[in-house]
1. Scan B:99, B:122 and give me the residue that is more than 28 Å from residue B:265 (Cα to Cα), hydrophobic (A, V, I, L, M, F, W, C) and in contact (Cβ under 8 Å) with a residue 24 or more places away in the chain.
2. Can you tell me how many residues in segment A:32-64 are among the hydrophobic types (A, V, I, L, M, F, W, C), within 11 Å of chain B (Cβ to nearest Cβ) and surrounded by fewer than 16 Cβ atoms within 10 Å (Cβ to Cβ)?
3. Look at segment B:237-253 and say how many of its residues are crowded, with 18+ Cβ neighbours inside 10 Å and either within 11 Å of another protein chain (Cβ to nearest Cβ) or at pLDDT below 90 (or both).
4. Is at least one residue of segment B:183-195 farther than 23 Å from residue B:35 by Cα, modelled with pLDDT of 90 or more and not in a strand (DSSP E or B)?
5. Of all residues in segment B:24-48, which are without any contact (Cβ under 8 Å) to a residue 60 or more places away in the chain, under 30 Å from residue A:88 (Cα atoms), surrounded by fewer than 17 Cβ atoms within 10 Å (Cβ to Cβ) and not basic (Lys, Arg)?
6. Any residue at all in segment B:264-275 that is assigned to a helix (DSSP H, G or I), within 14 Å of chain A (Cβ to nearest Cβ), closer than 19 Å to residue B:90 by Cα and at pLDDT 90 or above?
7. Which condition number in (1) charged (D, E, K, R); (2) more than 26 Å from residue A:47 (Cα to Cα); (3) touching a helix residue (DSSP H, G or I) at 6+ places or on another chain (Cβ under 7 Å) is the one that residue A:164 fails?
8. Scan segment B:66-95 for residues that are of a type outside the set (Lys, Arg) and at the interface with chain A (Cβ under 9 Å from one of its Cβ atoms) and jot them down.
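The values are calculated or read from the model by the stated rules, or taken from the named source; none is laboratory data. If you're wondering where the values come from, they're calculated on a predicted model, not measured in any experiment. All Cβ positions, even for glycine, are placed from backbone atoms using ideal geometry, and neighbour counts span all protein chains on display.
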Amino acid sequence: MEDRFYALLKQRLREEIEANPPRFPWESGPMEYELEPTALQVWTRQLRAIALPTPLPDIMMERLFSQCQTLLQSSLRDGAKLVKAVEAIFPQHPDMLNELAGWVMAAPARSPEALLADTDGASFPSQYDAATESQKMALSLMAAHEILETLTCKLTSNQPQAKRDWLTDAGMVRLEVNAKVEQGFVSVRAHLPCAGCLVFRGNAGEEATARRADSGSVAVAQFDLQPEATYLLDIQLELPEHTSLTFAVQLGQDH
Amino acid sequence: MEDISQQLYSELKQATRASDRNCRDVAERIAVEVARICAESQRIQASGDVDAWSLSLARHRLTQCLKYYQLKSNRGRVELHSTLSAVVYRYITPPQVQASYQARLSLIEDFLQGFYIEAINAFRRETQLLPTYSPRSLLELSEYMAFAERYAKRRIPLPGRRSQQLIILRAQTFSQQQPPETLVDIEQAAEGASSDSEPTRSSASLQQVREQMVAQEPEVAESALRDAVVTQLMAYLEDKQQQDCADYFALRLQDLPANEIETILKLTPRQRDYLQQRFKYHLIRFALSHHWELVHQWLEADLERNFGLTPWQWQQLQTQITDQQAEMLQLKQQGMADAAIAQTVGCTVNQFQKQWTKLLEQAWEIRNDLVSGAADSSHEE
């Protein structure tokens, strides 16, 4: 009986309270608590397109994306990078994480069935919250793997070109990277959906920048780039929150 | 505890956009509190599965915190404030003045402002944060709101093996408008003056407050029978899709005056009057339906007591009912089951129940005719 009374009262009281929400003792006026980076959300649209057996919540995608962006510069090997991208969210099971990372690297991103043997054997649920701990780790690794692959352009003599498309809230960013590997020369052409600029960092702090005030193409180039080194490419869009997307360019040997 | 802290940290990172530092701090605070509770609880220690308890308690706190996080700053505080306001509503009474919805609301505002201060101080103390700490991020704000709700609902032991929620005790003190100097620590008052080293200056106030607390307790449920009737009547009303009658009933059970009921349900006095009549109609239908025994027993008007009729009234009933009904009455008095009676008198069970209901209605009318005033008030229950 009391339940009904409380529910009824609470419902009724809401009206007055919504019109005049309470202030807490330390608040001198309306406060802004949501200081989280909303800039990231510009880029997450593309991430939703990543094929996963269970979709990851936006929050997870943003975290993984953020980690991957930071890791692009690191000199870790691919496998270690992958683990590092995810272990910030799942610090408790490093061994399991390593093992799962191995599987993700070996199997193509589109066939998670290979991973099933290593998770609990159960199939992936339709909702993230229903997944087991190891399934969640596996999903995060798959997403991080895909993100790192997309953000990294590896150019060799046999494969001297890389193309990337990235869907943002402002429209599509199109990237085309061309290399003359033996000469260490890399040129980049980008189509920006709105005003922004392209910054390509070469050796010893050299920067090649191209800027435009509206949507269209920009191009930059760098010389004397070393093999097996990582060079960063920043795409900055002039949206209300200044935000950038970073790619990694690497020149390598054919295997 | 380290495990729990890490687990919570991981879950916070998956469910919020809060910084690493925030996630770590909040996870740590929950883990520490849970560890303390488990260590202090004899029940948990004796259970043999402290880990499972720890995890369960931690999960519960995390879920509560995330509930507020997902509502965000504005809707979160509205949720907290309405919850707490509903809990203290009937304990906040303006002194010497008839309570009205608006008057209570205004007092509740003042009361809760004070309560929020008490809650943040308690939070700082219990988590060993600086006295200057205040929530800055959404996660920290959610943590505070979840704490405030838990703190409000903490059970404080009272004399006589009873307990009451902390915020209700606070509300009662507030209503009595104790001047600040004599405001005593309610927990101290509840436990009684335990140590002699406490100054006796405040012991008179302590005694007074304790007496008031016990006196202020709303009536303890009268009897199991009344509870059964109330529960079944409520279920009956809900079953018949009479939601507004059920709401009205819920408010009447709290002894709220008519004008307050009008304000809460947003009715004009005339509308409330119609609702009251509809409620009475359903009440009678309920009383005369297959729940009749329960209600009649409660009204002390069951068959063993001749429907509560005097001998003269009983005679009158005999003259009014049909022969078939008289036979049914006799067989019922002998304790025969409905199906058997129906068969004996030569009708279906449905027909028997119809006849029986008519019989009850007539007894009801007779009983009410002679003592109309008193009988009506027993209807109101």
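1. On the way: B:99 fails: more than 28 Å from residue B:265 (Cα to Cα).
Going through B:99, B:122 in turn, the sole match is B:122.
2. Residues meeting the conditions: 1.
3. Total satisfying the criteria: 7.
4. No.
5. B:37
6. Filtering segment B:264-275 down to residues assigned to a helix (DSSP H, G or I) leaves B:264-265, B:269-275.
Next, only the ones that are within 14 Å of chain A (Cβ to nearest Cβ) stay: B:264-265, B:275.
Restricting the remaining residues to those that are closer than 19 Å to residue B:90 by Cα gives B:264-265.
So of that shortlist, the ones also at pLDDT 90 or above come out as B:264-265.
Yes: one or more hits.
7. (2)
8. So the first thing to find is which residues in segment B:66-95 are of a type outside the set (Lys, Arg), and the list is B:66, B:68-71, B:73-74, B:76, B:78-89, B:91-95.
Within segment B:66-95, B:73, B:74, B:78, B:79, B:80, B:81, B:82, B:83, B:85, B:86, B:87, B:89 meet the criteria.
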